[in-house]
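The values are calculated or read from the model by the stated rules, or taken from the named source; none is laboratory data. Please read these numbers as outputs of a predicted model, since none were measured by experiment. Cβ sites come from the backbone with ideal geometry, for glycine too, and all protein chains shown count toward neighbours. Surface accessibility is based on the protein's heavy atoms, side chains included, excluding ligands, DNA and RNA. Shrake-Rupley method; radii C 1.70, N 1.55, O 1.52, S 1.80 Å.
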Amino acid sequence: MTRTDELRDVPGGRRRTVLISGASIAGPALAFWLNRYGFAVTVVEKAGALRDGGYPIDVRGTALDVVRRMGILPRLRDAHIDLRRLTFLDEGGAEVASLAPHTVTGGVAGADLEVRRGALADALHSAVRDDVEFLFGDSIGTLDQHRHGVDVTFHRGGSRTFDLVVGADGLHSHTRGLVFGAEERFHRYLGYCFAGFTLPNTFGLVRETTMWNAPGRAAVLYAVGDEDDVHGFLTFARPQPPLDAFRNAEAQRSLVEGVFADAEWEVPGMMAAMRTADDLFFDVVSQIRMPRWADGRVALVGDAAYAPSFLTGQGSSLALVGAYMLAGSLAAERDHTAAFAAYERDSRAFVTLNQDLVGTGDALLFPTTARALEERNALLRGLAATPPAVEGRPAHAALALPEFTPTAALSSDRTDV
């Protein structure tokens, strides 16, 4: 008999209910741990089904301990991409340096994982799908907090009341907007835009990444394996975010084409592929920085609360660790206010340390001036001639996961907000 089964059998006991918005990384991870601690969990996801494929993401440091405790580490090791080479090119397309990827990322060879986002999402979903209610193709319409819980209406109709609601719905979190206000209050633009898409692998690339740089511009081809397609990225510096292009795909394509109009190497072909790509994703490089991650009975986790940006390579790792810490805090504290306070108290330093990694990521990947680019290239040549460090960046493993004693999955009645 599982702990959840035992809780169902407690006379007069009522399992505390939690609604999670978002079924990518943070949401299913949180659902796993809350279910493990005996909560009744519902996950709502606006997509009609679990998203497969997707760009590669990293799992490092403390997050590896999370997936190990979840029992999905062997599955993720089987899905490990094992990127073997990272090659940098100058503006004319000549090679600057070719290195082992972890030399640049700060990861640990043979320990850290790199998997498709869809592979991680599927592993998380598979670990909890039989024990948690999933509502695909729907989303939160309204939230109304009161002393007895949170009344939620759904876009597809109907309403329900939950003890708690958690937004795990990403950088542009709808839940955050409903409870904490406009995204602009918490959005920290880091000075870059990017367009991502897939294109035919006519380059002979296998398990490797090639990056072309000019001052303030970069073009990347990322081959996950020996597949027919590669991931393409076009990234460029811009003082202010192009707000007029966010909801207009044609404006996005035109903006990118203007920036890269005179670029050499394979960039003209990449722009042609971008023009016809049906999976174009355009956004700005940014972070979410919030003074608090909870309000009343609603909390945030993962990118919704503290997106670190892809410059850090820590988005998925922070989501996994944050989910573990939030669930454990809720399990250990009967009062949700105390639980949310503990979650933030024990996690914020780790989050901030990893968010602050952007200070090195942007300079190394996307120098904005000719001088900065030449200094970066000199650094890369030096790294290529030096054996890589055995240990990863300290920030990745700066938090040792605590053990939580579950005491609060049951509640006889709801308390004040």
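The table for this structure:
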{"item": "Test item: Cα-centred dipole of the chain, Lys/Arg +1 and Asp/Glu -1 on Cβ, debye", "result": "1000 debye"}
{"item": "Accessible area expressed per residue, the chain, with surrounding protein chains retained (probe 1.4 Å, Å²)", "result": "42 Å²"}
{"item": "Estimated Rh, the stretch 178-322: Kirkwood, alpha-carbon pairs, angstrom", "result": "16.8 Å"}
{"item": "Ser139 accessible area, 1.4 Å probe, all protein chains in place, Å² to nearest 10", "result": "30 Å²"}
{"item": "Relative compactness, the chain, computed as alpha-carbon Rg over 2.2 N^0.38 Å", "result": "1.02"}
{"item": "With every protein chain in place, the chain: carbon and sulfur % of accessible area (1.4 Å)", "result": "51 percent"}
{"item": "Beta bridges by DSSP in the chain, antiparallel share as percent, to the nearest 5", "result": "70 percent"}
{"item": "Computed E for Asp130/Arg84 - FRET, C-beta separation, R0 35 angstrom, nearest 0.05", "result": "0.45"}
{"item": "Helix runs (DSSP H) in the chain reaching 20 Å along axis by Cα, Kyte-Doolittle at least 0.5", "result": "315-332"}
{"item": "Order by protection proxy (mean Cβ within 10 Å, highest first), peptides 378-385, 20-27, 38-45, 114-121", "result": "20-27, 38-45, 114-121, 378-385"}
{"item": "Estimated FRET transfer efficiency (Glu257, Ala109; beta-carbon r; R0 30 Å; 0.05)", "result": "0.20"}
{"item": "Neighbour net charge for Arg376 - beta-carbon separation under 15 angstrom, K R +1, D E -1", "result": "-3"}
{"item": "Cβ-based charge dipole, the chain, positive-most Cα from Phe186, Leu326, Ser173", "result": "Leu326"}
{"item": "Gain upon complete extension [Glu250, Glu375; 0.36 nm per residue less C-alpha separation]", "result": "41.4 nm"}
{"item": "Protection proxy ranking, peptides 96-106, 241-251, average beta carbon neighbours within 10 Å, highest first", "result": "96-106, 241-251"}
{"item": "Separation in nanometres of the label points that stand 7 Å from Cα toward Cβ, at Tyr189 and Arg156", "result": "3.6 nm"}
{"item": "Two-site label geometry, Ala349 and Arg68: point separation in nm, points 7 Å out along Cα→Cβ", "result": "2.2 nm"}
